[in-house]
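Contents: one structure, followed by commentary.
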Amino acid sequence: MVALLLSAAAAAQPVTIDTLLGRIYNEPNPQPYTMTADYSAEFVINIPTGKVTVRALGTIVESRSAQGEPRQRKATVTRLDVPLLLRPFSGSIRKVVTDLIEVEQKPGEILPLMDVFMVEERPPNQYLVGGVRRDIVTETMRKYGQGASVEDGAARRAIAKWLWSPSQRASIVRPGPGPYMLTALVDDGGLLHQLTLAYDWGQVGNRITFVSIGGRPFWRQVVSDSSSDVPGLGRVDGRMTLLVQNHCLNCAPR
């Protein structure tokens with residue numbers, strides 16, 4: 001009975017941000033593998049002069065060559081449908097399509113630059129987290145006389161959460177190649193289901209639905225949104241909807 005009570009008490013402990021970050025960073029299944037799949041993608045770009053739609057079909061190969069190595073993703077476009085006026089730029093558009101699929105913002109490259117904190121728990125077993133770039137948090141703490149606490153993780157997260165709040169976000173916009181703020185939805189296994197990165201020129205966000213094959217999560221649907229100001233065009237909004245099917249784990253390439 002005592003063992004059961006202790007077990008129940010342990011299970012009732014809330015997930016901390018440190019626990020969640022550890023699960024995000026650590027790959028639970030680091031063995032080599034190769035996954036092949038087919039995809040269809042639609043890109044809708046809204047500009048002041050109208051809307052442009054590009055559609056693509058192709059294949060994806062996702063793999064890890066050796067245990068513990070980072071995974072790689074290779075996309076091939078087998079069909080590309082573009083409006084008549086954009087056909088001279090088909091080569092460039094093809095590269096944009098493959099880059100959007102292959103180039104993945106890895107948590108290990110972004111999260112260490114941020115002071116990350118828990119916002120709230122969302123059922124089922126998901127957590128909304130936020131983050132503000134560390135140099136911005138340090139600058140703010142020194143500005144308000146809290147320089148002695150810049151090494152205190154709890155204090156940094158409290159300041160970051162305050163800066164992340166809607167009433168303060170306009171004050172933390174900073175230029176640079178990296179994002180100044182993030183918002184993410186993470187499950188209790190450390191899998192990112194939504195990620196929005198804020199830059200001084202706009203924001204980039206995605207929502208991912210996964211399918212589990214052989215104990216590994218793979219893309220089933222990805223919806224990515226971006227919004228930015230482009231010189232000469234004004235505000236440009238875009239959305240990519242990617243559907244992935246015919247997954248095949250450790251199959252011969254087709």
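The values are calculated or read from the model by the stated rules, or taken from the named source; none is laboratory data. Bear in mind the structure is a predicted one, so any value in this text is a computation, not a measurement. Positions of Cβ are generated from backbone atoms using ideal geometry, with glycine treated the same way; all protein chains shown enter the neighbour counts. To get the accessible areas, we keep the full protein, side chains included, count just its heavy atoms, and leave off ligands, DNA and RNA. Shrake-Rupley method; radii C 1.70, N 1.55, O 1.52, S 1.80 Å.
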If the only charges are +1 at each Lys and Arg Cβ and -1 at each Asp and Glu Cβ, what is the size of the charge dipole of the chain around the Cα centre, to the nearest 20 debye?
540 debye
Report the label-to-label distance for Phe218 and Ser63 in nanometres (one decimal), using points 7 Å from each Cα along the Cα→Cβ vector.
1.4 nm
Between (1) 1.00; (2) 1.02; (3) 1.17, the structure-derived Rg/Rh (Cα atoms, Kirkwood Rh) is (2)
Here the longest stretch of the chain that holds no chymotrypsin sites (Phe, Trp or Tyr not before Pro) in a DSSP loop having at most 15 other beta carbon atoms within 10 Å is 1-143
Averaging sequence separations of C-alpha pairs under 8 Å and six or more residues apart, then dividing by the length of the chain, give the relative contact order as a whole percent.
21 percent
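How much length would be gained if the chain were fully extended between Leu86 and Tyr33, taking 0.36 nm per residue of separation minus their Cα-Cα distance, in nm to one decimal?
15.3 nm
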Calculated FRET value between Asn46 and Leu191, using beta carbons and R₀ = 51 Å, to 0.05:
0.95
Assuming a strict under-28 Å limit between Cα atoms, what lysine pair count do you get for the chain once near-sequence pairs (fewer than 8 apart, same chain) are dropped?
6
Under a plain spin-label model, where a point goes 7 Å from the Cα along Cα-to-Cβ, how far apart in nm are Asn246 and Asn26?
3.8 nm
If you average the sequence gap of Cα pairs under 8 Å that are 6 or more apart and divide by the length of region 113-253, what percent do you get for the contact order?
15 percent
Can you give me the % of accessible surface on the chain that is carbon or sulfur? Probe 1.4 Å, all protein chains present, nothing else counted.
56 percent
For the chain, build the charge dipole from Cβ charges (+1 Lys, Arg; -1 Asp, Glu) around the Cα centre, then report which of Ala41, Leu86, Tyr199 sits farthest towards its positive end.
Leu86
With a probe of 1.4 Å, find how much accessible area the chain has per residue, and write the answer as a whole number in Å².
58 Å²
For region 46-120, what is the relative contact order in percent, using Cα pairs closer than 8 Å and at least 6 residues apart in sequence?
26 percent
Identify, among Val96, Met141, Trp162, the residue whose Cα sits farthest towards the positive end of the charge dipole of region 85-171, taking +1 on the Cβ of Lys and Arg and -1 on the Cβ of Asp and Glu, with the dipole about the Cα centre.
Val96
Using only DSSP helix segments of four residues or longer, with each worth -39500 (n - 2.57), what per-residue ellipticity at 222 nm results for the chain after dividing by its residue count and rounding to 500?
-7000 deg cm²/dmol
